[in-house]
Amino acid sequence: MLLTGGLAPGEKLKIDRLRKVLDVGASPIREALSLLVSDQLVVRHEQRGFQAAKTSRENFDEILSLRSTLEGKALRQSMDLATPEWIEGLVLVHHRMTRMKSVGSQEFEVEHKNFHMGLIGNCNSPLMLRICDQLYDLNIRYRNIAGRSKDYKGRKVDDEHQDILNAVIAEKPDDAVRLLLLHYEKTGDFLKAFIE
């Protein structure tokens, strides 16, 4: 709900309301919210409860900068260590992601993350992957906001993903990294109308 906009940025997160919506007790909700504080998706205010983290252009720019730096490096390392099995895995997850686009949003989102994490997953750096995983989740909120743009529907995201995969398969790390970063920057272009 935090990632998809079901809980708006800055919204006060009331335990009773979440308990009814999620059909679970108050204790698991408090525990989950506390964990989400460490993921920077929720803010805890002493004596005032929890709030969905706010969004801002500065926050997006920081996430974009970190993703570009870390994922660019991780993709290069993954390609340096490329194996036929890693390439086959990427082709497979790309195929599943493409297929799931027509099935539904939730299924697509899982495979979309699998594709992006798969691109960098061969880098042999568990810490960098963990940070990239968190940055991916922080970025999803912004991607959903960018998706509100009337022009976003015309974006050829499938082609962007295919081009990145093609560069990886062709063993062209400079092209693969450039295309990946351009893919991320395009989201920022669509955000301009919605975030200051």
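Any read-out appearing in this document is the output of simple, stated calculations on the displayed coordinates, not a laboratory observation. These numbers come from a predicted model, not from an experiment. FYI the Cβ positions are ideal-geometry reconstructions off the backbone, even for glycines, and counts take in every protein chain you see.
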Directionally averaged shadow of the range 65-191, computed from the convex hull of its alpha-carbon atoms, nm²: 7.1
Under a GNM of the chain (C-alpha, springs under 10 Å), which listed residue has the highest mean-square fluctuation: Asp158, Asp23, Asp80? Asp23
Kirkwood-Stokes translational diffusion coefficient of the range 51-99, alpha-carbon pairs, 25 °C, 0.890 mPa s, µm²/s: 183
Largest first, please: the extent of the C-alpha atoms of the range 1-77 along each principal axis, to the nearest Å. 46, 24, 22
With θ taken as phi - 60° and the coefficients 6.51, -1.76 and 1.60, list the Karplus ³J(HN,Hα) couplings across the range 57-67 in order, rounded to whole Hz; mark glycine and proline as x. 4, 4, 5, 4, 4, 5, 4, 4, 4, 5, 4
Any idea what diffusion coefficient the range 1-160 gets from Stokes-Einstein, in µm²/s, Kirkwood Rh on alpha carbon pairs, 10 °C, 1.306 mPa s? 90
Can you give the relative contact order of the chain as a percent, counting alpha carbon pairs under 8 Å and 6+ residues apart? 25
Going 7 Å from the Cα of Arg30 along its beta-carbon direction, which residues of the range 1-18 have the amide nitrogen within less than 12 Å of the resulting point? 15-16
Paramagnetic reach from Asp175 in the range 61-76 [backbone N under 17 Å; point 7 Å along Cα→Cβ]: 76
Would you mind telling me which residue in Leu90, Leu18, Leu165 has the biggest mean-square fluctuation in a Gaussian network model of the chain, where springs connect alpha carbons within a distance under 10 angstrom? Leu18
How much length is gained on full extension from Lys186 to Ile15, taking 0.36 nm per residue of separation minus their Cα-Cα distance? 57.9 nm
Under 15 Å, Cβ to Cβ, from Gly89 - net charge with Lys/Arg +1 and Asp/Glu -1: -1
Distance violations [Cα-Cα > 24 Å] among Lys73/Lys192; Lys101/Lys186; Lys14/Lys192; Lys14/Lys113; Lys113/Lys186; Lys14/Lys186: Lys73/Lys192; Lys14/Lys192; Lys14/Lys113; Lys14/Lys186
Can you give me the long-range amide H partners of Val42? Hydrogens built in the peptide plane at 1.01 Å from N, cutoff under 5 Å, separation of 5 or more residues or another chain. Val37, Ala53
